[in-house]
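Take a look at the structure set out below.
Values in this text are rule-based calculations from the coordinates and carry no lab data. For clarity, every value in this text was computed on a predicted model and none was experimentally measured.
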Amino acid sequence: MKGSAKIILVAISLLAASGADAATSPKSTPQARKAAIDKIVKNQRSFRQPRTMSDAARTEVRAADGTVAVAVPEELWNNLSVSKDASGQLRMHESDGTAPATTTTEAASNE
C-alpha cells in the first residue's frame with residue numbers, strides 16, 4: 001500500500017506541475033492583455049446586427065472542430081409590448097419576430 005500511495009502522489013505532483021506550466025503563458029504581459037482587449041473592443045464597434053436571414057448567412061463562421069456560429073437576425077427576435085386593460089392593469093404581450101405584438105384594447109363589458 002505504501003508503494004502505491006507514493007506512486008499516486010508522484011503522479012499527482014507531476015500533473016500539478018505540468019498544469020502550472022500551461023497556466024503561466026509567456027504572452028500574459030500587461031501589454032499583450034491590453035492589445036487583446038483593444039482588439040475585442042474594435043470588433044464590437046464594427047459589428048452590425050443582421051436584419052434578415054440572408055444577412056445573417058454572411059456572418060456564419062465555422063470552427064476547426066466543425067461547430068458553426070451565426071449572428072441571430074433581428075427578424076427572429078421576440079417583440080414585447082405593454083398595454084393597459086379595461087381595469088387599468090398592465091398586460092404584457094409577446095410575439096415572435098414574424099408578427100407584431102397584439103395591441104388590441106379590451107372594451108368594457110357594457111360597451
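Got a sec to turn the phi values of the stretch 69-75 into Karplus ³J(HN,Hα) couplings, 6.51 cos²θ - 1.76 cosθ + 1.60 with θ = phi - 60°, whole Hz, x for Gly and Pro?
Ordered by residue, 3J(HN,Hα) equals 10, 8, 6, 6, x, 4, 5 Hz.
Determine the gain in length on full extension of the stretch residue 39-residue 91; use 0.36 nm per residue of separation and subtract their C-alpha separation, reporting nm with one decimal. Please list the in-between numbers first.
Numbers: separation 52, 0.36 × 52 = 18.72 nm, distance 4.31 nm.
Net length gain for the segment: 14.4 nm.
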